[in-house]
1. Only one of these is in a helix (DSSP H, G or I) and either buried (at least 20 other Cβ atoms within 10 Å of the Cβ) or assigned by TED's automatic domain parsing to the domain that holds HIS227 (or both): LEU119, LEU101. Name it.
2. Would you pick out the residues in segment 151-164 that are surrounded by 13 or more Cβ atoms within 10 Å (Cβ to Cβ) and either over 18 Å from LYS183 (Cβ atoms) or free of Cβ contacts under 8 Å to residues at least 12 places away in the same chain (or both)?
3. Go through the residues of segment 195-216 one by one and say whether even a single one is loosely packed, with under 12 Cβ neighbours inside 10 Å, in contact with an Asp or Glu (Cβ under 9 Å, 6 or more places away or on another chain) and under 23 Å from PHE121 (Cβ atoms).
4. Can you find even one residue in segment 48-59 that is under 30 Å from ASP172 (Cβ atoms), touching a residue at least 24 places away in the same chain (Cβ under 8 Å), crowded, with 22+ Cβ neighbours inside 10 Å and touching a helix residue (DSSP H, G or I) at 6+ places or on another chain (Cβ under 6 Å)?
5. Of the conditions (1) within 27 Å of PHE161 (Cα to Cα); (2) modelled with pLDDT of 95 or more, GLY178 satisfies every one except a single condition; which number is it?
6. Tell me which of these ILE137 doesn't satisfy, since it passes every other one: (1) β-branched (Val, Ile, Thr); (2) in the same structural domain as LEU13 (by TED's automatic domain parsing); (3) without any contact (Cβ under 8 Å) to a residue 24 or more places away in the chain.
7. Kindly indicate which of SER95, SER81, SER44 is buried (at least 17 other Cβ atoms within 10 Å of the Cβ), touching a residue at least 12 places away in the same chain (Cβ under 8 Å) and of a type in the set (S, T, N, Q).
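The values are calculated or read from the model by the stated rules, or taken from the named source; none is laboratory data. Please read all numbers here as calculations on a predicted model, not as lab measurements. We place every Cβ from the backbone using ideal geometry, glycine too, and count neighbours over all the protein chains shown.
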Amino acid sequence: MDFYNQLANYYDLIFPLQPQKEKFLLTKLNASASMLDVGCATGSLSLSLAEKGFAASAIDTNEKMVKIARDKAKLLKVDISFYTLNMLLVQQHFSAGQFNLICCLGNTLPHLPNEDSVLNFLRQAFSLLKKDGCLIIQTVNFDKLIADKTAYFPIKEGEDFIFSREYEYRDDHIIFSGNLFIKSQQKKLPVQTTLLKLTSGLLHKMLVDSGFKQVKLIGDFSSNSYHRESPACIALAAK
């Protein structure tokens, strides 16, 4: 079983739903709104919003995470559509002007292989939004990481797991290395992947180039202004 399938079993413990994130998204949704969650993982955010009556669809590339999300939806008896789908194929799967809100959170976007693929996704997202619809993107604060050359992140630990992360910096990308240690099995599961250096300036430019008429950057889900020391970079882009 590979790392991401193993991670799926612990995902909700390592990355629980953040109330502030959900509260923020609720301010962007009206009673009849439809939304698409890109990179939904085990679906906690989408399920919570769907429980509140919003028409939600969600995608992720990992089949096991999508299966967990579907099982949770059945258990909760929530009407929501989960799909195993690459984010670069959204325009083939959904209709133009289908959504009021598209969110791509949790540092999902920098996993795309290059700047062209990011621009490709942003243009597809633009086409799927209704007039005045909004795209919300959350990444880590790459401006701060690159300037400080931050290498290690706080270790996350639970009753049966320890999850550690670190970054290695290259010219145009970052190597992300993670280790999931399962205590009950005394088993260590490593993963390594490449992240784009998606700085705030580059993300802002790509959103404008994709057609979005209003682009705003904030530093957290409390709507504080973005700056170099912000904990995250969150882009709000209106069609």
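1. On the way: LEU101 fails: in a helix (DSSP H, G or I).
Every option except LEU119 fails the conditions.
2. We begin by selecting, within segment 151-164, every residue surrounded by 13 or more Cβ atoms within 10 Å (Cβ to Cβ); these are 153, 156-157, 160-164.
Passing the criteria: PHE153, GLU157.
3. Start the filter on segment 195-216 by keeping residues that are loosely packed, with under 12 Cβ neighbours inside 10 Å, which leaves 201, 209, 213.
Retained after the next criterion (residues that are in contact with an Asp or Glu (Cβ under 9 Å, 6 or more places away or on another chain)): 201.
Within this subset, residues satisfying the condition of being under 23 Å from PHE121 (Cβ atoms) are 201.
Yes, segment 195-216 has at least one match.
4. Initially, segment 48-59 is screened for residues under 30 Å from ASP172 (Cβ atoms), giving 59.
Subsequent filtering for residues that are touching a residue at least 24 places away in the same chain (Cβ under 8 Å) retains 59.
Now restrict to residues that are crowded, with 22+ Cβ neighbours inside 10 Å: 59.
Retained after the next criterion (residues that are touching a helix residue (DSSP H, G or I) at 6+ places or on another chain (Cβ under 6 Å)): none.
Checked segment 48-59: no residue is under 30 Å from ASP172 (Cβ atoms), touching a residue at least 24 places away in the same chain (Cβ under 8 Å), crowded, with 22+ Cβ neighbours inside 10 Å and touching a helix residue (DSSP H, G or I) at 6+ places or on another chain (Cβ under 6 Å).
5. Here GLY178 meets the rest and fails (2).
6. Status for ILE137: all satisfied but (3).
7. Working: SER95 fails: buried (at least 17 other Cβ atoms within 10 Å of the Cβ); SER81 fails: buried (at least 17 other Cβ atoms within 10 Å of the Cβ).
Selected residue: SER44, the only one of SER95, SER81, SER44 that is buried (at least 17 other Cβ atoms within 10 Å of the Cβ), touching a residue at least 12 places away in the same chain (Cβ under 8 Å) and of a type in the set (S, T, N, Q).
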